[in-house]
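Report on one structure; see the data block that follows.
The values are calculated or read from the model by the stated rules, or taken from the named source; none is laboratory data. Keep in mind that what you see is a predicted model, and the values were worked out from it rather than measured. Cβ atoms come from the backbone with ideal geometry, glycine included; neighbour counts cover every protein chain shown. The accessibility values were calculated without ligands, DNA or RNA, using every heavy atom of the protein model including side chains. Shrake-Rupley method; radii C 1.70, N 1.55, O 1.52, S 1.80 Å.
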Amino acid sequence: MDDSHVALTRDEATDGDIEIETHVPREQWSSRVIFLFAAIGSAIGLGNVWRFPYLAYKNGGGAFFIPYLFAVFIVGLPVLVLELSLGQKFQAGPVRALGRIRQQFRALGWIEVLSSFILVTYYNVVLAWAIIYLFRSFSSDLPWADDSQGYFDHSVLHKTKSIEQFGGVQGEIVGALLLSWILVFLCVCKGTKSVEKVILVMMPLPFVLLTILLIRGAMLSGAGNGISFYLEPDFSLLADPGIWISASSQIFLSLSICACLCDYVATCRAIFLFE
């Protein structure tokens, strides 16, 4: 029986016993390309497409790239290499991989699992909103064209005047959220086999759509002025510690570190780069 079926680990326990950990073989990505697609696809999400432009505009435009690149090299890349190395070394997710270093470190692995669960839950809610907008967009005139924020607050969320006033369950949102979870289930129900098929379609798709939007946006009147206004650097804001904190926190979303990469590379046995 090889080590893909049974893992023997010696952890520092109070009684000095040897912990024997038995688990079923992990499913594997079919190729390195699929793994890279999965890793890149996890990074190309709301954290980069939605949150990063907002942070850049809020925190000095082009000047924001200075603390961001600093955080990439000081925080992002070291943690990224560490997480990928752990996944490949132990061929396990964060809980088991960190537990093999020291039993007490399993708690850190569970924190990573919890953070991943929170992200997935949050993203599915946003996906439910997108589904609602998708179905409502099949009309000659977009209903949110005049007041997008007001439409989102009152026609989609049905927000009440205060937190003390409960607006009841919104059937449309519940249905859209249920549909989003069904889509997630269909993507992962057959393990890596079904995930790989989704990756091959959904990973290149954002690049295609963003390229189309970029070309279309650049062709609009005043596009150059808008880009200049958005990226015009305000270096005086670099003295604000909040900008550096925002850049550092954004790295975790941009690179998907401490979220899922340890599991990704653990299903990539003997085909990754760290040897």
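The figures follow:
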| item | result |
| --- | --- |
| Wholly within region 65-152, helices (runs of 4 or more DSSP H) carrying at least 3 residues that are more than 30 Å from SER236 (Cβ to Cβ) | 77-90, 94-101, 106-136 |
| Yes/no for SER140 being out of contact with any His (no Cβ under 7 Å at 6 or more places or on another chain) and open to solvent by 100 Å² or more (accessible area, probe 1.4 Å) | yes |
| Residues being over 28 Å from the mean Cα position of the chain (by Cα), surrounded by 11 or more Cβ atoms within 10 Å (Cβ to Cβ) and in a helix (DSSP H, G or I) - total across region 230-241 | 1 |
| Condition met for ALA218 (open to solvent by 50 Å² or more (accessible area, probe 1.4 Å), over 21 Å from ILE131 (Cα atoms) and without any contact (Cβ under 8 Å) to a residue 40 or more places away in the chain) | yes |
| LEU186 vs. criteria loosely packed, with under 13 Cβ neighbours inside 10 Å and either at pLDDT 90 or above or polar (S, T, N, Q) (or both) | yes |
| Candidates ILE212, ILE227, ILE257, ILE245, filtered to the one that is closer than 30 Å to SER116 by Cα and assigned to a helix (DSSP H, G or I) | ILE245 |
| Residues located in region 174-183, provided they are without any contact (Cβ under 8 Å) to a residue 24 or more places away in the chain and open to solvent by 90 Å² or more (accessible area, probe 1.4 Å) | LEU178 |
| Single unsatisfied condition, ARG102 versus (1) modelled with pLDDT of 85 or more; (2) closer than 15 Å to TYR264 by Cβ; (3) charged (D, E, K, R) | (2) |
| Unique residue being aromatic (Phe, Trp, Tyr), in contact with a helix residue (DSSP H, G or I) (Cβ under 9 Å, 6 or more places away or on another chain) and within 24 Å of GLY87 (Cα to Cα) when the list is TRP110, TRP144, TRP129, TRP181 | TRP110 |
| Contacts under 7 angstrom Cβ, first residue in region 80-106 being farther than 26 Å from SER249 by Cα, partner open to solvent by less than 40 Å² (accessible area, probe 1.4 Å) and among the β-branched types (Val, Ile, Thr), 6 or more apart | ARG100/THR9 |
